[in-house]
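What follows is a short report on a single structure.
The values are calculated or read from the model by the stated rules, or taken from the named source; none is laboratory data. Small disclaimer: the values here were computed from a predicted structure and weren't measured. Every residue, glycine as well, gets a Cβ built from its backbone with ideal geometry; the counts of neighbours run over all protein chains shown.
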Amino acid sequence: MNSTDLLTVAVICILFFIYKKWDVIKELIFSNDDHISAVNSGSRDIVQVVLENNKNYLVLFGSQTGTAEDYAKKFSKELSSKFNLNVLCADLELYDYDTLSELPNNVLVSIFMSTYGEGDFPDGAIPFETFLTTTGENSLTNLNFSIFGLGNSTYEFYNGAARKVLKYLQSAGGNLLGSIGEGDDATGSTDEDYLTWKESIMAELKNKLHLEEQEHKFKSTFKYETLPEINSHVSLGEPTSKYLPSEPAFTGPFTAAQPFIAPIIKSHELFTSVERNCIHSEFDISSSNISYSTGDHLGIWPSNATEKVQQFLNVFNLNPDTIFNLVSQDKTIKVPFPCPTTVGAVIRHYLEITGPVSRQFFEHLIQFAPNSSIKEKLTKLAKDKDAFQQEITSKYFNLADALLYLSGGSKWESIPWEFLIENIPKLQPRYYSISSSSLSERNTIHVTSVVENTPNPKTGSNIVGVTTNLLRNIQLAQNKQLQSTEINPLPVHYDLNGPRDLFANYKLPVHVRQSTFRLPQNIETPVIMIGPGTGVAPFRGFIRERVAQVEKDNSIKLGKHILFYGCRNEQDYLYQEEWSKYATVLGESFEMNVAFSRVPGTKKVYVQDKLNEMSSDIWDLLKKGAYIYVCGDAGRMAKDVSRTFINILQKGHGINEAEALEMVKALKTAGKYQEDVW
């Protein structure tokens, strides 16, 4: 055997090894630094991991944006602290479930499941769905489970994923404890929905497992130790440990777990109003392995504003320069962010310090109340949801705001740092509809974002968005306009250079999230698009896609593409100068209808009004098999638009409202009526 043959055999052996061990290798390569579930011995067998680690309760979560994960962690910690249970809290994505029928029936299971798209499972939970749909009848009679779903009631398939889990598990003989819990993001009641469900489930568990409730006292999951100095292994806020100086230069692959540090090569203001802002940002992905499809979302990893970081440090009397390390005291739990690190880095880059406060969090804070008077206030607010709504939620308080309000401005030095990092949710990426076309902008991704900066009527301060204000800071700095904000000043400021200058020269960590929001493959199919405000973003991408197709081959025949766009007035008419250029290329195949809702001296007109005005044209397009796309506000707009289409179908077909409603549902099920709403 010559050297070439030996090399060939060696390569084959290596490839075979990779094939056999791919699950383990994939976990090592693609795992997120903050997964709370570690795999002992490299096993993906969920039952094996439960038994190896002597766990007596299993909490599973399927999460698209991190919310289900956050609630699963809260629930797990309470089970542990209240009942002294040994809980395994695990991402559904990390395990296999073929042996679930072998789980001891005294190990109860709680599943937290978010719904994505049209009743779909989160991306990482799709293999779990496959398992559920192929499991045999009465194959899981050993399983005692509870479910909490996270969804949005404005969607047709509200909490569809959680309801599917319930259906599949009951079909397999599983036993549901209590009733399914359903959080509704559309009404902003997810937290209260969770608390109501949790209280009933906790009562069920006490009876079924004969549990003795103990006084809730915080016990850290991690061993905490301070370090003397910063070195190349210490994180200063890097998105993941892959970006530490001690690691080789990270060249990908770039995923939702390992973002790409993308340069913002261009950004500019879209509004002409002096009071409101909307930023167009263009991210360069040419030096990455990232690809996207028109209609996808871009996840942007933000950091917290300097003013909010300083407020948080002051409230808890923390030293930002303290260097520390966390070591897990449970093999199945990983640290929540890259460690070792500093207090300041964690607050700026890893914790959701400006999010709304939950009532349950107040319950956990009672043990750290500075005095009896504040303890009494905390106890009342933790138990009374109406008082909590009035005193905390309605004022849009973040945690620091709320505690300063309760203490009259005094510091809360008695709260352990370990408690804060284990109970405050992780700072999550924010998702934006991509407003470019992968056909015409293969190496750049465009994002369109209205800056959240509105007065708080209860406190006089401003309510500010984390990522949108960061993008505005970058836009002003990039265009050397920081000195021109006297009329509309910046409410908050950011460290634009990032940890170790990783974000210098206008860069941010990003990743692409796939969407089902897609143009029909047949270019002759008519398309009806409804997108008020920044809801027009994906439709700009759609139209740019069609323009690129026509410019490549002007002999193609496009179906009618009609866009209904809504804005307040000419001052916030997004991409106004572009639409006429697109119309020149696309000709009669493109039509745009604009609804202005706040022009002085004129009647308010909304997108649904324009749809009604053109109901006969819309009916003709629907008869030709038109696809409908709706993007924007879920609270009112999406419902009003849906109701308008019901009316158009009812009139066109000569049927009653219930029949027309069923037709709209059928269109959604078939993917011919798609919504990207929030």
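Some points to look at:
- Boolean, THR141 is without any contact (Cβ under 8 Å) to a residue 12 or more places away in the chain, farther than 19 Å from LYS668 by Cβ and surrounded by fewer than 21 Cβ atoms within 10 Å (Cβ to Cβ): no
- Counting only strands (runs of 3 or more DSSP E) that sit wholly inside region 85-190, those with at least 1 residues that are in contact with a Gly (Cβ under 6 Å, 6 or more places away or on another chain) and within 25 Å of GLU662 (Cα to Cα) are 144-151, 181-184.
- The set of residues from region 498-516 being on the phi > 0 side of the Ramachandran plot and in contact (Cβ under 8 Å) with a residue 12 or more places away in the chain comprises GLY498, ARG500, ASN505, TYR506.
- Every residue from region 437-478 that is free of Cβ contacts under 8 Å to residues at least 60 places away in the same chain and either hydrophobic (A, V, I, L, M, F, W, C) or assigned to a helix (DSSP H, G or I) (or both): ASN473, LEU476, ALA477
- If you go through region 218-233 and keep only what is touching a residue at least 60 places away in the same chain (Cβ under 8 Å) and under 13 Å from PRO340 (Cα atoms), you end up with PHE222, LYS223, TYR224, GLU225, THR226, LEU227, PRO228, GLU229, ILE230, HIS233.
- Wholly enclosed strands (runs of 3 or more DSSP E) of region 580-678 bearing at least 1 residues surrounded by fewer than 16 Cβ atoms within 10 Å (Cβ to Cβ): 590-596
- Condition met for GLY465 (surrounded by fewer than 17 Cβ atoms within 10 Å (Cβ to Cβ) and either under 20 Å from ALA504 (Cα atoms) or not hydroxyl-bearing (Ser, Thr, Tyr) (or both)): no
- Qualifying residues in region 169-192 (those that are hydrophobic (A, V, I, L, M, F, W, C) and closer than 15 Å to ASN142 by Cβ) - the one nearest to the chain's Cα centre (by Cα): LEU169
- Test: SER281 is among the hydroxyl-bearing types (Ser, Thr, Tyr), under 30 Å from PRO491 (Cα atoms) and at pLDDT 95 or above: yes
- Test: residue in region 552-562 that is under 31 Å from the mean Cα position of the chain (by Cα) and either surrounded by fewer than 19 Cβ atoms within 10 Å (Cβ to Cβ) or in the same structural domain as LYS668 (by TED's automatic domain parsing) (or both): yes
- Subset of region 484-516 [out of contact with any His (no Cβ under 7 Å at 6 or more places or on another chain) and hydroxyl-bearing (Ser, Thr, Tyr)]: SER484, THR485, TYR494, TYR506, THR516
- Region 412-435, subset of a type outside the set (Phe, Trp, Tyr) and in a strand (DSSP E or B), residue nearest to the chain's Cα centre (by Cα): ARG430
- Of all the numbered requirements in (1) under 27 Å from GLN329 (Cβ atoms); (2) in a helix (DSSP H, G or I), TRP197 misses one, and that requirement is (1).
- Criterion (hydroxyl-bearing (Ser, Thr, Tyr) and in contact (Cβ under 8 Å) with a residue 40 or more places away in the chain) met by exactly one of THR255, THR251: THR255
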